[in-house]
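One structure below.
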């Protein structure tokens, strides 16, 4: 009983922890306090509670007025997730004195995204483990989510963090730049989900994400130059 719970949780956390280690290496010169990284990761986890409740409500409305699995459907659901990941960072560390460099916005947004993705990963693995049909098992689910959904969350939230960081560097236009980041992140998120659901092609979607990830890593380097 214990192993049936603990193992899926560990497997679900692995993709997020692996990406977390990767992204934190991008800030080795001025590493963020570990406790704030932990708080932000937890904030990303708890944000899923609010997102789930809102998405359940919105899903009912979308089923009545929007064609299920159309692009508008995915845009609405993606916007909810991106906004709450941003709010998780804003309320967890946005007011702290340590949140003082433009690069911090990208780092903390990605950390919150990884907390959010961890919950999705664990839920997916439990679902795969309980499935009685022949299909994707827990280990395959971890692999697919490592290169797919978890990477998606880090990239989309990284976009929001980049525009937030630009606002910090300029010390102006916070609302407009963050809104721009949320719009771009929502579009990216929705397109990925649209491809996965409607075309069932992980390869195309992952290639698309890797292409965007190159630009995100470049954005990291840009923000590092700002103090």
- Message: I need the helices (runs of 4 or more DSSP H) fully contained in segment 1-109, keeping only those with at least 1 residues that are surrounded by 16 or more Cβ atoms within 10 Å (Cβ to Cβ) and modelled with pLDDT of 95 or more.
- Response: 34-65, 71-92
- When you go through (1) closer than 23 Å to residue 99 by Cβ; (2) modelled with pLDDT of 85 or more; (3) crowded, with 19+ Cβ neighbours inside 10 Å one by one for residue 186, which number turns out not to apply? (1)
- Message: Can you find a residue that is buried (at least 19 other Cβ atoms within 10 Å of the Cβ), within 23 Å of residue 11 (Cα to Cα), at pLDDT 80 or above and in contact with a helix residue (DSSP H, G or I) (Cβ under 6 Å, 6 or more places away or on another chain) anywhere in segment 140-151?
- Response: yes
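The values are calculated or read from the model by the stated rules, or taken from the named source; none is laboratory data. In this text, all values refer to a predicted model and were calculated from it rather than measured experimentally. Here the Cβ is made from the backbone with ideal geometry for all residues, glycine too, and neighbour counts use every protein chain on show.
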